[in-house]
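The values are calculated or read from the model by the stated rules, or taken from the named source; none is laboratory data. Everything numeric in this text was worked out from a predicted model, so none of it was measured. Don't worry about glycine lacking a Cβ; one is built from the backbone with ideal geometry, like all the others, and counts go over all protein chains shown.
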Amino acid sequence: MTRTRRLALAAGIFYLLTFAFSIPAFFLYEPVLTDPNYIVSAGGADTRIILGAFLEMLTALAGIGTAVAVYPVIRRQSEGASLGFVTTRLYEAAVMIVGVLALVTIVNLRVAGTGSGSEDDLAMVAVGQALVEIRDQTAIFGPGFVPALNALLFGYVLYRSRLVPRVIPALGLIGAPLLLASVTARIFGFDDQPLFGAVALAPIFFWELSIGLWMTFRGFNPLALASLGFDERDAGRSTGPGLVSNGDIS
């Protein structure tokens, strides 16, 4: 396996891990997100929430991995866009961790039993709701907003370089402005229609899933790698008769 194939495989696996970690984490958080009195409840789903927090932390780290793994390859097409992709992934992960810490803090305060009376309980409920609001805002400014920037930067590089079939980054480039419009409306307090939010998210969802699957099982186009300056051996090409290069696409 060539170096570029290993990098594509690593990036693809990291992409798929973001799905494997983030989807269950969303459902594990449900008790603390829907119960405004969770912080003063007698019995809570603390283990479930801590597991969700752990999975979301892994999601953030896997997101960083997607950018770090492909950087040595895509920087040859555009160093600026490639570095921007790494940076947006780091920013997204940092914001996600803030949300994780907010929910873990609710669990720790509930376990400590800080509230000891009706007035204390009311104050703690307010604290708990504020922490949940922090988490909700991090979900908007992090994994809600940043995937559009990721799609613009990474999608641009892949579309120009033809490292993967152009239809894949085209999904991201189409979905990015839609998602930016939807999330921006939420940031400024406009209640956009749920249908528009779903339509805006769909291309980004399928872009990230398809690029993860493609890089995992097919890798980068050897002809595109060669055009970026990788030698034939590192690009997975062979001049020998009867040999087909891995992941070759038109």
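Looking at this structure, is LEU51 over 30 Å from GLU119 (Cβ atoms) and out of contact with any strand residue (DSSP E or B) (no Cβ under 9 Å at 6 or more places or on another chain)?
yes
Of the residues that make up region 219-231, is at least one touching a residue at least 12 places away in the same chain (Cβ under 8 Å), assigned to a helix (DSSP H, G or I) and loosely packed, with under 14 Cβ neighbours inside 10 Å?
As a first pass, look at region 219-231 and keep what is touching a residue at least 12 places away in the same chain (Cβ under 8 Å): 219-225, 227-230.
Going one step further and asking which of them are assigned to a helix (DSSP H, G or I), we end up with 222-225, 227.
Remaining after also requiring loosely packed, with under 14 Cβ neighbours inside 10 Å: none.
Scanning region 219-231 turns up no residue that is touching a residue at least 12 places away in the same chain (Cβ under 8 Å), assigned to a helix (DSSP H, G or I) and loosely packed, with under 14 Cβ neighbours inside 10 Å.
Looking at region 77-91 only, could you name the residues that are surrounded by fewer than 17 Cβ atoms within 10 Å (Cβ to Cβ) and either farther than 16 Å from LEU149 by Cα or free of Cβ contacts under 8 Å to residues at least 24 places away in the same chain (or both)? Walk me through it before giving the result.
Narrowing region 77-91 to residues surrounded by fewer than 17 Cβ atoms within 10 Å (Cβ to Cβ): 78-80, 83, 87, 90-91.
Passing the criteria: GLU79, GLY80, LEU83, THR87.
Would you check which residues across region 182-217 are surrounded by 14 or more Cβ atoms within 10 Å (Cβ to Cβ) and of a type in the set (Gly, Ala, Ser) and list them?
Of everything in region 182-217, those that are surrounded by 14 or more Cβ atoms within 10 Å (Cβ to Cβ) and of a type in the set (Gly, Ala, Ser) turn out to be SER182, ALA185, GLY197, ALA200, ALA202, SER210, GLY212.
Can you tell me which residue in region 66-75 is nearest to PHE141 (Cα to Cα), limited to those that are assigned to a helix (DSSP H, G or I) and over 10 Å from the mean Cα position of the chain (by Cα)?
Step one: list which residues in region 66-75 are assigned to a helix (DSSP H, G or I), which gives 66-74.
If we keep only those that are over 10 Å from the mean Cα position of the chain (by Cα) too, we end up with 67-74.
On the way: ALA67: 19, VAL68: 21, ALA69: 24, VAL70: 24, TYR71: 24, PRO72: 28, VAL73: 28, ILE74: 26 Å.
Among residues in region 66-75 that are assigned to a helix (DSSP H, G or I) and over 10 Å from the mean Cα position of the chain (by Cα), the one nearest to PHE141 (Cα to Cα) is ALA67.
From the set of residues in region 232-250 that are surrounded by fewer than 18 Cβ atoms within 10 Å (Cβ to Cβ) and part of a helix (DSSP H, G or I), which is modelled with the lowest pLDDT?
GLU232
For the structure I just gave you, tell me whether ALA148 is under 24 Å from ALA45 (Cα atoms) and of a type in the set (Gly, Ala, Ser). Reasoning before the result, please.
On the way: under 24 Å from ALA45 (Cα atoms): no; of a type in the set (Gly, Ala, Ser): yes.
Against the criterion (under 24 Å from ALA45 (Cα atoms) and of a type in the set (Gly, Ala, Ser)), ALA148 does not qualify.
Conditions: (1) assigned to a loop (DSSP other than H, G, I, E, B); (2) at pLDDT 95 or above; (3) not aliphatic (A, V, I, L, M). THR59 meets all but one. Number of the miss?
(1) is the only condition that THR59 fails.
Quick test for you: out of LEU171, LEU179, LEU163, LEU158, pick the one residue that is crowded, with 20+ Cβ neighbours inside 10 Å, touching a Phe, Trp or Tyr at 6+ places or on another chain (Cβ under 6 Å), of a type in the set (A, V, I, L, M) and part of a helix (DSSP H, G or I). Break it down into steps so the answer makes sense when it comes.
Values: LEU179 fails: touching a Phe, Trp or Tyr at 6+ places or on another chain (Cβ under 6 Å); LEU163 fails: part of a helix (DSSP H, G or I); LEU158 fails: touching a Phe, Trp or Tyr at 6+ places or on another chain (Cβ under 6 Å).
Exactly one residue qualifies, and that residue is LEU171.
Can you work out which of the residues in region 34-47 that are assigned to a helix (DSSP H, G or I) and buried (at least 16 other Cβ atoms within 10 Å of the Cβ) is nearest to the chain's Cα centre (by Cα)? Lay out the reasoning, then the answer.
Of all residues in region 34-47, those assigned to a helix (DSSP H, G or I) come to 34, 38-40, 46-47.
If we keep only those that are buried (at least 16 other Cβ atoms within 10 Å of the Cβ) too, we end up with 38-40, 46.
Working: TYR38: 28, ILE39: 28, VAL40: 32, ASP46: 25 Å.
Among residues in region 34-47 that are assigned to a helix (DSSP H, G or I) and buried (at least 16 other Cβ atoms within 10 Å of the Cβ), the one nearest to the chain's Cα centre (by Cα) is ASP46.
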